[in-house]
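The values are calculated or read from the model by the stated rules, or taken from the named source; none is laboratory data. Being a predicted model, the structure only gives us computed values, none of them experimental. Because the Cβ atoms are built from the backbone with ideal geometry, glycine has one as well, and the counts that use them run over all protein chains shown. We work out accessible area using only protein heavy atoms, side chains counted, and drop any ligands, DNA or RNA first. Shrake-Rupley method; radii C 1.70, N 1.55, O 1.52, S 1.80 Å.
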Amino acid sequence: MRLENGLLYLDLETWSDVPIKAGTYCYAEGAEILLLAYAISDGPVHVWQCQYEKPPEDLFEELYGSMPLVAHNAFFDRTLLMHAGDKGEELKREEGSPLLGGLIDLSPYRWRCVMAQALAHSLPGSLGKLGEVLGLPEDQQKMKDSKALIHLFTKPRPKNMKLRRATRETHPEEWARFVEYARQDVATMREIHKRLPKWNYEGNELALWHLDQRINDRGIYVDRDLVESAIRSSDREQERLAARTQELTDGEVAAATQRDALLKHVLAAHGVALPDMKADTLERRLDDPELPEAVKELLRVRLSSSKTSISKYKRFQTCTSSDGRLRGTLQYCGAGRTGRWSGRLVQLQNLPRPDMGSDDIAAGIEALKADAEDLLFDDPMRLCSNAVRGALVAAPGKKLVVADLSNIEGRMTAWLAGEEWKLQAFRDFDAGIGPDLYKLAYARAFKIDPSEVDKHMRQIGKVMELALQYQGGVGAFVTMAATYGMDLDELTRAALPTLPPDVVDEASEFWDWATRKKRTLGLPHDTFVVCDSLKRLWRRAHPAIVQLWADLDAAFRNAIAYDKKEFAAGRLVVRRDGAWLRVRLPSGRYLCYASPKIEKDKISYMGVCQYSRKWKQLYSYGGKNVEQATQGESRNVFAYNLPGVEEAGFPIVGLVHDEGITEPDDKPEFSSELLCSLLAANKPWNVGLPLAASGAEGYRYGKH
């Protein structure tokens, strides 16, 4: 008897020759389903041993119905079931028809994902860690020896072993434990599902996860000829660079990729001590006129040898499905508290930024495919790095149309805080009647006309905007200046005479304090004072944003102290309900903070550390909280316009930060201008927020 309004909990255990690191879709093409553990609502958990038992009638009654399907990392289970239905080889029904046979609705809309729901509330994604965090009793948590059992039954045995696969026949005791593990996983998942919050995984957000699954299913077409050509080019160039390294070091270092050996040689042979072999370290030393030319060449060889773009090509090669499309590159709510997407597999979120022109890159791609890149380009590794985006292409009869929200974080922070002069400046700039915002940032700070701002001043304005918006100080400014190649000595000489005396006095007093606290970051007095003065000038020019830092800090503290009371800060509302503190964004979505408290006058909460990936106590302050709110609501502007993009005939094939990559039919009506207007459309909840987007179209993905 079918249970209306129930839930079907599912978990699969599978075997495949293809390693899972190649991605779920490639893995699924060669996978077999070993166990299917399931429970109908609160009923008992059953485990179907698919290769040894008849299909359970209650399972198939619900599979062929419309009951919602719940899994942890449902993306995996859904994909494996779809492939089982396509092949119809491993799993058979009694009458001989395929297990699924295309008759079962396995579309994303039926599914709910426990992992996605956890991530949407800033909780860990793993089932084991969730059991600990949510306080499940020991007997309800994930079995501790599960990794060993999974390794035994779901992966091919090592090639030097006579037994190719472990099965129920070869390892009966371990198999019984494996079956029990599958049963326990469903019980654990069900209990976790009951305990998880639902605020951020219903309505628009649930629909958005369903869209995320469709985007992952669709994937993006890969130019495999370019991928293979780039790998061949890289192999040839690595051989040449290794030979040159041996020549320059008299055979002491076999290849420039050998970091420790190269550091040792440079010190012993040339007396040059380098702290590390990081790219920014080497690039700075290359500007040193006193560095011996032989060392400079070694450093240039090292930089070429270590370009990470080649690993991207190898991931393209490994993770592309048999039909030529790369799938499964997005993780919904993978970027922590903000809800932004993170990357999987190839990590499209951090593709190298090109430093060559588009025409040169296009010519380089053709040269790579002809194995003639060394005839036209001095540095093939640099060419490969520039061409990596071009490995993503439109399928025949299609084109790629992309659009990217313009300075969405700068606009969002101003809107959340009510920094009206800046909002109007964005509107004027979008209308073509106002100055560039980075020029305006400098002009506003120094009280000059924007028309007087030159290229160098604009760069200072850009660094100020990017470094100081979230309560950053001297350290943030120095870090951002290094990112954009700004010479701090030159900045100090140029800026110090132009700074207002009262600001310099304040910065000098802060230098005295920083000296006592040993927090000068190793900077000379004048450089520190200039950086701190620029911070103070930016803050004077942005009183509403500075006030939002303070107001949101106070709202956090008040909400922690007073349960179930709301405290406003700009357009944000903060409230604590028991163990959860939530910031309600104007869109209605929440930023979630577990177990908040004030400790030694600092705001803290439990969360996943972005560096260690461990669940631990984290600390925050007003500017950091504003950053999270800004990025969270910027994500919502982007994300909540994606359904309209799809409805207008622009199938989405990739998301990179605030950029949407679409693959419509190759027709004039599907233009970048239309896509920009769709992506930058205002919703009822963000009226007054100035939005704009820039876009491009073509047959190969690139930086526009």
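Brief remarks follow.
- Residue satisfying all of: in region 60-85; modelled with pLDDT under 90, open to solvent by 20 Å² or more (accessible area, probe 1.4 Å) and under 34 Å from the mean Cα position of the chain (by Cα); farthest from residue 201 (Cα to Cα) among these: 83
- Criterion applied to 653, 626 was being closer than 25 Å to residue 337 by Cβ and in contact (Cβ under 8 Å) with a residue 24 or more places away in the chain, and the one residue passing it is 626.
- Among all positions in region 600-611, there is no residue which is of a type in the set (S, T, N, Q), assigned to a loop (DSSP other than H, G, I, E, B) and under 28 Å from residue 418 (Cα atoms).
- Of all residues in region 421-450 being closer than 21 Å to residue 545 by Cα and among the charged types (D, E, K, R), the one that is surrounded by the most Cβ atoms within 10 Å (Cβ to Cβ): 422
- Residue check, residue 490 of a type in the set (D, E, K, R), within 29 Å of residue 414 (Cα to Cα) and part of a helix (DSSP H, G or I): no
- Subset of region 523-536 (residues that are under 20 Å from residue 622 (Cα atoms) and open to solvent by 10 Å² or more (accessible area, probe 1.4 Å)): 535, 536
- Residues of region 1-17 classified as free of Cβ contacts under 8 Å to residues at least 24 places away in the same chain and open to solvent by less than 50 Å² (accessible area, probe 1.4 Å), total: 0
- Yes/no for residue 200 being in contact with a Gly (Cβ under 6 Å, 6 or more places away or on another chain), under 30 Å from residue 655 (Cβ atoms) and open to solvent by less than 10 Å² (accessible area, probe 1.4 Å): no
- Residues located in region 269-282, provided they are within 20 Å of residue 242 (Cα to Cα) and at pLDDT 80 or above: 269, 270, 276, 277, 278, 282
- Only one entry of 346, 402, 388 meets the criterion of being within 28 Å of residue 327 (Cα to Cα) and part of a loop (DSSP other than H, G, I, E, B), and that entry is 346.
- Residue 190 being surrounded by fewer than 18 Cβ atoms within 10 Å (Cβ to Cβ), over 30 Å from residue 369 (Cβ atoms) and not aliphatic (A, V, I, L, M): no
- Residue check, residue 35 under 24 Å from residue 177 (Cα atoms), modelled with pLDDT of 95 or more and buried (at least 21 other Cβ atoms within 10 Å of the Cβ): yes
- Criterion (farther than 23 Å from residue 549 by Cα and surrounded by 21 or more Cβ atoms within 10 Å (Cβ to Cβ)) met by exactly one of 453, 463: 453
- Enumeration of residues in region 598-614 that are out of contact with any helix residue (DSSP H, G or I) (no Cβ under 7 Å at 6 or more places or on another chain), modelled with pLDDT under 90 and open to solvent by less than 50 Å² (accessible area, probe 1.4 Å): 609
Condition check ((1) touching a Leu at 6+ places or on another chain (Cβ under 7 Å); (2) at pLDDT 90 or above; (3) surrounded by fewer than 19 Cβ atoms within 10 Å (Cβ to Cβ)) across all residues:
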| position | (1), (2), (3) |
| --- | --- |
| 87 | no, no, yes |
| 91 | yes, no, no |
| 100 | yes, no, no |
| 105 | no, no, yes |
| 126 | no, yes, yes |
| 131 | no, yes, no |
| 139 | no, no, yes |
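- For region 304-359, a tally of residues being without any contact (Cβ under 8 Å) to a residue 60 or more places away in the chain, touching a Cys at 6+ places or on another chain (Cβ under 9 Å) and open to solvent by 20 Å² or more (accessible area, probe 1.4 Å) returns 1.
- When residue 388 is tested against (1) open to solvent by 40 Å² or more (accessible area, probe 1.4 Å); (2) in contact with a Pro (Cβ under 7 Å, 6 or more places away or on another chain), exactly one condition is not met: (1).
- Check on residue 187, more than 25 Å from residue 70 (Cβ to Cβ) and either part of a helix (DSSP H, G or I) or in contact with an Asp or Glu (Cβ under 8 Å, 6 or more places away or on another chain) (or both): no
- Top-ranked residue of region 500-513 - restricted to ones that are part of a helix (DSSP H, G or I) and more than 19 Å from residue 467 (Cβ to Cβ), ranked as nearest to the chain's Cα centre (by Cα): 513
- Of residues in region 164-174 being without any contact (Cβ under 8 Å) to a residue 60 or more places away in the chain and open to solvent by 10 Å² or more (accessible area, probe 1.4 Å), the one nearest to residue 49 (Cα to Cα): 167
- Residue in region 144-152 that is at pLDDT below 95, farther than 30 Å from residue 610 by Cβ and open to solvent by 70 Å² or more (accessible area, probe 1.4 Å) present: no
- When residues of region 228-265 are limited to those that are of a type in the set (S, T, N, Q) and either part of a helix (DSSP H, G or I) or in contact with a Cys (Cβ under 9 Å, 6 or more places away or on another chain) (or both), the one most open to solvent (accessible area, probe 1.4 Å): 246
- Going through (1) hydrophobic (A, V, I, L, M, F, W, C); (2) at pLDDT 90 or above; (3) open to solvent by 10 Å² or more (accessible area, probe 1.4 Å); (4) in contact with a Leu (Cβ under 9 Å, 6 or more places away or on another chain) one by one, residue 20 falls short only on (4).
- Among residues of region 429-467, those that are within 29 Å of residue 628 (Cβ to Cβ) and not in a loop (DSSP other than H, G, I, E, B), counted: 20
- Within region 421-446, the residues that satisfy the criterion of being without any contact (Cβ under 8 Å) to a residue 40 or more places away in the chain and among the small types (Gly, Ala, Ser) are 425, 431, 432, 434, 443.
- Count of residues meeting criterion [in a helix (DSSP H, G or I) and either touching a residue at least 40 places away in the same chain (Cβ under 8 Å) or closer than 14 Å to residue 473 by Cα (or both)] in region 514-535: 10
- Filtered by the rule that a residue be open to solvent by 10 Å² or more (accessible area, probe 1.4 Å) and either among the hydrophobic types (A, V, I, L, M, F, W, C) or closer than 20 Å to residue 334 by Cα (or both), region 569-583 gives 573, 579, 580, 582.
- Filter result for residue 280 (more than 30 Å from residue 20 (Cβ to Cβ), open to solvent by 60 Å² or more (accessible area, probe 1.4 Å) and not small (Gly, Ala, Ser)): yes
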